[in-house]
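Structure record follows, encoded as structure tokens.
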Amino acid sequence: MYMKKLPNAPLQEVIFEGKWELSLDQQTSAFIDPEFQFALGKFQHVISSRFPYHKSKIPGDIPLQFLGHQPIHQFWTGEGVWPVIQLGPGVITVNDTEKNYEWDDVFFPLVKETLFNVKNAYVNDLSFISYTLRYIDVVKIKDYEFSNWFDFVKDNINFQFSNGYPLPGTLHNFKIEQSFRTEDAGLIEIGFSNGQDNQKEDIFIWQTAVTGRKPLFIEGLMEWLVLAHSHCSRIFKETCKEDFYASFVNR
């Protein structure tokens with residue numbers, strides 16, 4: 001049975017980030033987004049009814065030539081209310097959490113709408129040179145049987161790791177990252193690590209990301225997003241062992 005959203009989805013955050021090509025300023029030798037200030041006003045005006053809360057991440061006295069491909073402005077539906085759109089010279093991001101997330105009806109339409117709003121805010125067509133779709137999933141280990149991190153990963157994830165030398169103590173922290181080059185979507189990154197949440201509770205974190213770097217205009221980027229999502233969705237299911245995945249459906 002197809003489910004648009006897992007009832008107990010472990011998703012912490014989903015992020016789309018797109019970067020477009022900057023221009024070289026002959027006077028300063030810095031890469032800049034010459035239309036940014038004008039486009040910012042147009043973009044903010046268009047989304048203000050839905051995203052009225054604006055916050056600047058960086059002090060306004062820092063010259064824009066030093067902020068290429070860095071998100072500067074945040075637009076929220078309310079103070080601290082997700083989703084959030086971030087805009088900076090040559091970069092746009094759309095971030096959301098599990099509470100709102102659903103790909104077909106919520107997140108993908110928002111990314112599509114945001115990208116076309118950016119396109120319409122600029123006079124010249126934007127050529128995207130880097131774009132990433134990233135999923136960050138988190139579970140609290142107290143919700144699962146736990147004796148040590150080696151067994152937790154082996155029991156729940158279709159991956160295992162071991163040390164070929166006597167352990168000097170109990171494993172406290174780990175971070176495993178792998179990347180795979182694909183012909184169609186670009187680079188796929190998969191990572192596993194442990195950490196703590198805001199309540200200082202131990203958590204298991206795994207990330208799945210797809211990054212493309214072939215120059216694309218927005219229409220091509222839409223097609224890439226569908227492909228990237230299909231990779232992330234498949235990898236999530238294939239990464240989880242059966243009982244672990246079932247815990248996100250019935251608990």
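The values are calculated or read from the model by the stated rules, or taken from the named source; none is laboratory data. Treat the numbers as computed from the prediction; the structure is a model and nothing was measured. Cβ sites come from the backbone with ideal geometry, for glycine too, and all protein chains shown count toward neighbours.
Overview of values
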{"quantity": "Checklist (1) in a loop (DSSP other than H, G, I, E, B); (2) free of Cβ contacts under 8 Å to residues at least 24 places away in the same chain applied to Phe180, failing item", "calculated": "(1)"}
{"quantity": "The one condition in (1) within 15 Å of the chain's Cα centre (by Cα); (2) free of Cβ contacts under 8 Å to residues at least 12 places away in the same chain that Gly80 fails to fulfil", "calculated": "(1)"}
{"quantity": "Positions within segment 169-202 being over 21 Å from Val138 (Cβ atoms) and surrounded by 15 or more Cβ atoms within 10 Å (Cβ to Cβ), in sequence order", "calculated": "Ala185, Gly186"}
{"quantity": "Filter pass, Ile136 being under 19 Å from the mean Cα position of the chain (by Cα) and farther than 19 Å from Ile15 by Cβ", "calculated": "no"}
{"quantity": "Residues (at pLDDT below 90 and of a type in the set (Ser, Thr, Tyr)) located in segment 24-72", "calculated": "Thr28, Ser29"}
{"quantity": "Residue ID - modelled with the lowest pLDDT, chosen from residues in segment 1-23 that are closer than 18 Å to Tyr131 by Cα and among the charged types (D, E, K, R)", "calculated": "Glu21"}
{"quantity": "Pair list, Cβ under 9 Å, 6 or more apart: segment 8-24 residue in contact (Cβ under 8 Å) with a residue 24 or more places away in the chain, other residue part of a loop (DSSP other than H, G, I, E, B) and among the β-branched types (Val, Ile, Thr)", "calculated": "Asn8/Val249; Leu11/Thr97; Gln12/Thr97; Glu13/Thr97; Val14/Thr97"}
{"quantity": "Selection count, segment 1-38, where residues are among the small types (Gly, Ala, Ser) and closer than 14 Å to Pro71 by Cα", "calculated": "1"}
{"quantity": "Enumeration of residues in segment 88-113 that are free of Cβ contacts under 8 Å to residues at least 60 places away in the same chain, in contact with a strand residue (DSSP E or B) (Cβ under 8 Å, 6 or more places away or on another chain) and assigned to a helix (DSSP H, G or I)", "calculated": "Val106, Leu110"}
{"quantity": "Members of segment 77-94 that are on the phi < 0 side of the Ramachandran plot and either crowded, with 18+ Cβ neighbours inside 10 Å or outside the structural domain of Ala121 (by TED's automatic domain parsing) (or both)", "calculated": "Pro83, Val84, Ile85, Gln86, Leu87, Gly88, Pro89, Val91, Ile92, Thr93, Val94"}
{"quantity": "Residue within segment 231-241 that is in contact with an Asp or Glu (Cβ under 8 Å, 6 or more places away or on another chain) and surrounded by fewer than 18 Cβ atoms within 10 Å (Cβ to Cβ) present", "calculated": "yes"}
{"quantity": "Test result for Ala39, surrounded by 14 or more Cβ atoms within 10 Å (Cβ to Cβ), in contact (Cβ under 8 Å) with a residue 60 or more places away in the chain and more than 15 Å from the chain's Cα centre (by Cα)", "calculated": "yes"}
{"quantity": "Complete set of residues in segment 119-165 that are assigned to a helix (DSSP H, G or I) and under 22 Å from Thr97 (Cβ atoms)", "calculated": "Ile141, Lys142, Asp143"}
{"quantity": "Single unsatisfied condition, Phe152 versus (1) free of Cβ contacts under 8 Å to residues at least 12 places away in the same chain; (2) assigned by TED's automatic domain parsing to the domain that holds Gln178", "calculated": "(1)"}
